[in-house]
1. So, in segment 78-96, how many residues would count as being closer than 23 Å to Leu132 by Cα, without any contact (Cβ under 8 Å) to a residue 60 or more places away in the chain and not in a loop (DSSP other than H, G, I, E, B)?
2. Take Leu125 and decide whether it is surrounded by 14 or more Cβ atoms within 10 Å (Cβ to Cβ), modelled with pLDDT of 95 or more and either within 21 Å of Phe162 (Cβ to Cβ) or of a type outside the set (Asp, Glu) (or both).
3. Tally time: how many residues in segment 97-118 are in contact with a Gly (Cβ under 7 Å, 6 or more places away or on another chain) and either without any contact (Cβ under 8 Å) to a residue 24 or more places away in the chain or of a type in the set (A, V, I, L, M) (or both)?
4. When the residues of segment 61-86 are narrowed to those that are of a type in the set (A, V, I, L, M, F, W, C) and in contact with a Ser or Thr (Cβ under 8 Å, 6 or more places away or on another chain), which ends up surrounded by the most Cβ atoms within 10 Å (Cβ to Cβ)?
5. With (1) buried (at least 17 other Cβ atoms within 10 Å of the Cβ); (2) touching a Leu at 6+ places or on another chain (Cβ under 7 Å) as the list, and Tyr153 as the residue in question, which single condition is left unmet?
6. Select from segment 55-77 the residues that are without any contact (Cβ under 8 Å) to a residue 12 or more places away in the chain and either charged (D, E, K, R) or touching a strand residue (DSSP E or B) at 6+ places or on another chain (Cβ under 9 Å) (or both) and list them in ascending order.
7. Criterion first (among the aliphatic types (A, V, I, L, M) and within 19 Å of Met57 (Cβ to Cβ)) does Ala124 satisfy it?
8. State all residues of segment 128-145 that are surrounded by fewer than 22 Cβ atoms within 10 Å (Cβ to Cβ) and either in contact (Cβ under 8 Å) with a residue 60 or more places away in the chain or not small (Gly, Ala, Ser) (or both); if no residue qualifies, say none.
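The values are calculated or read from the model by the stated rules, or taken from the named source; none is laboratory data. The structure presented is a predicted model; accordingly, all values stated were derived computationally and were not measured. All Cβ positions, glycine included, derive from the backbone under ideal geometry; neighbour counts span all protein chains shown.
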Amino acid sequence: MSVPPEHFHDPDQGPPPPRGREPVFNLPPGTLWLTLAMLACFALQNILEGPAWTWFMSALAFVSPVFWPPGSDLPSLLALPSLVTYAFLHADFMHLALNLGFFLAFGSFVERHLGLLPYLLLFALTAAAGALAEFWFRGAEPVALIGASGAVYGMTGAAMRFMFASGQPGQRRRALAFVGVFMGLNLVFGISGLGDFLAGAQIGWKAHAGGFIAGTALSFLLARRPPGLKRRA
């Protein structure tokens, strides 16, 4: 059995230097913070009761008649934050677990490509795009929306774009195949209503598509410029 040289130590040189600790969560900071925020909100949803629970959910969820009051020419300024805050609420543990599973995988990948601040902006904008897509296509039908799916699909779209831009034919083929299957399933489930039946609740498929399209488009605008690349005058 071979042993790395750094594992040997001369006792005459004093005690060996301490070994570096491995991080408990090997996640970039933005993904970690957003994940902890979702977990904290889910905990509050299950701790609060009565009027406190009602206020908490009403303050954070996206509710279309509150966002754009009937008869008003403009949306409510007080309800604008709900375009993002709804993403931190979830219906149940399975809803949270599914969203976090995809978010941790794709979000980490995207944050390492974008950096912290552009990544947080991408999360906010794709969450808002998902809510607005659901609101727009529902028309006059009232909608109440919770869940990070819009932002999760936004991260997926950005991740697929970065995979496609890698220049490796294998990654490009996988990215295209994934996008085709991903959006195809959403289209089938959304049109047929099968997704709602399997989930036992109405799923915001339009929010998924809106987040995905926004994430793909915004990844071109927010991506960091490669080192040494200068802007033309």
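1. The qualifying residues number 8.
2. yes
3. The total comes to 1.
4. Phe62
5. (2)
6. If the condition is that a residue be without any contact (Cβ under 8 Å) to a residue 12 or more places away in the chain and either charged (D, E, K, R) or touching a strand residue (DSSP E or B) at 6+ places or on another chain (Cβ under 9 Å) (or both), then Asp73 is the only one that fits.
7. no
8. Leu132, Trp136, Phe137, Arg138, Glu141, Pro142, Val143, Ala144, listed by residue number.
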